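Peer 1: The structure that follows is given in the form of C-alpha cells.
The values are calculated or read from the model by the stated rules, or taken from the named source; none is laboratory data. Please read these numbers as outputs of a predicted model, since none were measured by experiment. FYI the Cβ positions are ideal-geometry reconstructions off the backbone, even for glycines, and counts take in every protein chain you see. When the accessible area is computed, the model is the full protein with side chains, heavy atoms only, and any ligands, DNA or RNA have been set aside. Shrake-Rupley method; radii C 1.70, N 1.55, O 1.52, S 1.80 Å.
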Amino acid sequence: CRVTTENPAHDFRPDTGTIDVFRMPGGMGIRLDDGPGFPGAKITPHYDSLLVKITAKAQKRKDAAAKLVRALREFRVRGVATNKSFLLHVLENDEFLSGVVDTGFIAANPHLLEPLKEKDRAQKLLHYIGEVIVNGTPKSLGAVGPPPSVT
C-alpha cells in the first residue's frame, strides 16, 4: 500500500499542508518504507506525495490483506488528506481479495472513493484539556468565577 497525501474524493489530487499528527503502524509481517512523514512536516506540491509504503507478508492473499487493514487502521495522519480510506475500501473488497479485478475495477466501484469518518478523539480531548487549563472550565458547563490562576 502506497499511503500518499492524495485525496481520492478529488480525483487523487495531492494535498498540501502541515502534518499535525503522524503515527506509524507496525507488527509481525509488516514492512514500512517511510517518506517525509513526521509531526510538523510541511507537505508541498513540489515532491512525490508518498508518506509511507506499507508491505505485508503472509502465506495467503487474504491474510496479507488483513495485516494491511490492521496496519492502516493503526496509521494516523492529521493535517493533510490521505488515500488511506481508498486503500481500506480496496483491501476489504471481495473482488479484490479474490484477485478478480481488471483496469475497470475503480470505475466499477465508485464507493471505493468515499472518505471514512475518523473521530480524532485524542486530539479533541487534548485541545479541550488545554483550553480548561488555560481558560478555566467553560461557563456552558456551569463554571462560576474567574479561571484558576497558575502559580
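Peer 1: Only residues in the range 17-33 that are closer than 29 Å to residue 58 by Cβ count as the first member; pair them with residues that are surrounded by fewer than 18 Cβ atoms within 10 Å (Cβ to Cβ) and polar (S, T, N, Q), Cβ under 6 angstrom, at least 6 apart or cross-chain, and list the lot.
Peer 2: 31/55
Peer 1: Those residues that are open to solvent by less than 70 Å² (accessible area, probe 1.4 Å) and either of a type outside the set (A, V, I, L, M, F, W, C) or in contact with a His (Cβ under 8 Å, 6 or more places away or on another chain) (or both), I need them from the range 118-136; list them, please.
Peer 2: Matches in the range 118-136: 120, 130, 136.
Peer 1: What strands (runs of 3 or more DSSP E), lying completely within the range 1-117, carry at least 3 residues that are open to solvent by less than 30 Å² (accessible area, probe 1.4 Å) and either modelled with pLDDT of 95 or more or not aromatic (Phe, Trp, Tyr) (or both)?
Peer 2: The strands (runs of 3 or more DSSP E) meeting that bar are 50-56.
Peer 1: Considering only the range 89-103, I want to know if a residue exists there that is of a type in the set (Asp, Glu) and within 18 Å of the chain's Cα centre (by Cα).
Peer 2: So far as the range 89-103 goes, yes, one or more of its residues are of a type in the set (Asp, Glu) and within 18 Å of the chain's Cα centre (by Cα).
Peer 1: Okay, moving on. Specify which of the listed residues (29, 40) is touching a Lys or Arg at 6+ places or on another chain (Cβ under 6 Å) and farther than 17 Å from residue 83 by Cβ.
Peer 2: Sole residue among the options that is touching a Lys or Arg at 6+ places or on another chain (Cβ under 6 Å) and farther than 17 Å from residue 83 by Cβ: 29.
Peer 1: Restricting to the range 81-97, and then to whatever is free of Cβ contacts under 8 Å to residues at least 40 places away in the same chain and among the aliphatic types (A, V, I, L, M), can you tell me which residue is nearest to residue 37 (Cα to Cα)?
Peer 2: 88
Peer 1: Follow-up. If you check every pair at least six apart or on different chains, which have Cβ atoms under 7 Å apart with a residue in the range 122-136 that is assigned to a helix (DSSP H, G or I) first and a residue that is at pLDDT below 80 and surrounded by 11 or more Cβ atoms within 10 Å (Cβ to Cβ) second?
Peer 2: As it stands, the answer is 135/147, since those pairs meet every condition given.
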